[in-house]
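Scroll down for the structure; my scribbles are underneath it.
The values are calculated or read from the model by the stated rules, or taken from the named source; none is laboratory data. Note that the coordinates shown come from a computational prediction; the quantities given were computed from them, not determined experimentally. For neighbour counting, all protein chains shown are included, and Cβ atoms are generated from backbone atoms with ideal geometry for every residue, glycine included. To get the accessible areas, we keep the full protein, side chains included, count just its heavy atoms, and leave off ligands, DNA and RNA. Shrake-Rupley method; radii C 1.70, N 1.55, O 1.52, S 1.80 Å.
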Amino acid sequence: MKSPASITSAAGPASMLLPVGLLLVSMVSIQGGAALAKSLFPLVGAAGITALRLGLATIILFVIFKPWRMRLHAGNRLPLLCYGLALGTMNFLFYQAIRTVPLGVAVALEFTGPLALAICGSRRAVDFLWVLLAVLGLWFLLPLGHALGSVDLKGALLALGAGACWAFYILAGQRAGSHNGPATVALGSLIGALIYCPIGIIASGSALFAPSLLPLALALAVLSSALPYSLEMVALTRMPARTFGTLMSLEPALAAFSGMLFLNEHLSVIQWLALSAIICASAGATLTARR
């Protein structure tokens, strides 16, 4: 007969297969959605894609999470407003960035936002290793005095701006979601849509309402928002937060592969090494973070 300890150790890895699989599907979905969005830029532009994603995703999230049942507390309104603004701006800047920057590079640059948040204020020697790795990766991804012809400086700065919004999104989301949980994302998406849908409509005009675009726009909303948000929520309830954060560090690599498969974007060896440095910094910061 097996001891309780052996039963736990045997069941542990098996019990992790489902949430890990769901999280991987979520990340593939997000990057597939990003590749689809970039392929639609010639039709409606980056601002139009932002409007389509936020508008349709908001409708889907309202159906899933039913946020009208929420009770908004006085102290929760400002964090919710900041959360929605950060969510919308993060999407807008990211789509503007991938107009001129390869998808894998843009996601790696965007990842520096939550990475900086993870190691901010730390004074341990190991955390400075992650800072050094991240800075090294940035140095070789950004065209700062060295020739990386495929990287546009303006696009790279937009991706970094999206990363800063991501960090702000995390901070505001923690406070905004403290009372109302997952339904917060639907209201945050609504706030972002109210800000950026008019911008997209002005920029794209009647092309945004072409009937032939609707199936692709729905696919974009599902792949980029509704499906991954739902899968991540299930995964988060079944795995430690540290494991979740470590696995999320794979996202820049998945973005690079998505760019290769769907957009014919091929990175140089140096860019792959730089991207790997940022992935290692993100994973390391998560694994060695204080509980």
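At-a-glance table
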item	result
Residues within the stretch 172-196 that are surrounded by fewer than 20 Cβ atoms within 10 Å (Cβ to Cβ) and more than 23 Å from Gln96 (Cα to Cα), tallied	8
Candidate set: the stretch 145-165, residues that are surrounded by 20 or more Cβ atoms within 10 Å (Cβ to Cβ) and closer than 18 Å to Leu273 by Cα; chosen: the one modelled with the lowest pLDDT	Val151
Residue, nearest to Gly33 (Cα to Cα), within the stretch 250-291, restricted to residues that are of a type in the set (Ser, Thr, Tyr) and not in a helix (DSSP H, G or I)	Ser268
Segments classed as helices (runs of 4 or more DSSP H), wholly inside the stretch 70-141, with at least 1 members that are open to solvent by 30 Å² or more (accessible area, probe 1.4 Å)	77-97, 112-119, 125-141
Residue satisfying condition, being without any contact (Cβ under 8 Å) to a residue 40 or more places away in the chain, assigned to a helix (DSSP H, G or I) and either within 15 Å of Gly55 (Cα to Cα) or not small (Gly, Ala, Ser) (or both), within set Leu190, Leu214	Leu214
Selection status of Gly177, under 15 Å from Gly84 (Cβ atoms) and either in a helix (DSSP H, G or I) or β-branched (Val, Ile, Thr) (or both)	yes
Residue identified as crowded, with 20+ Cβ neighbours inside 10 Å and not charged (D, E, K, R) among Pro215, Pro228, Pro240, Pro211	Pro228
The listed residue being small (Gly, Ala, Ser) and closer than 30 Å to Ser15 by Cβ, out of Ser212, Ser206, Ser268, Ser249	Ser249
Check on Phe92, over 30 Å from Ala207 (Cα atoms) and touching a Phe, Trp or Tyr at 6+ places or on another chain (Cβ under 9 Å)	no
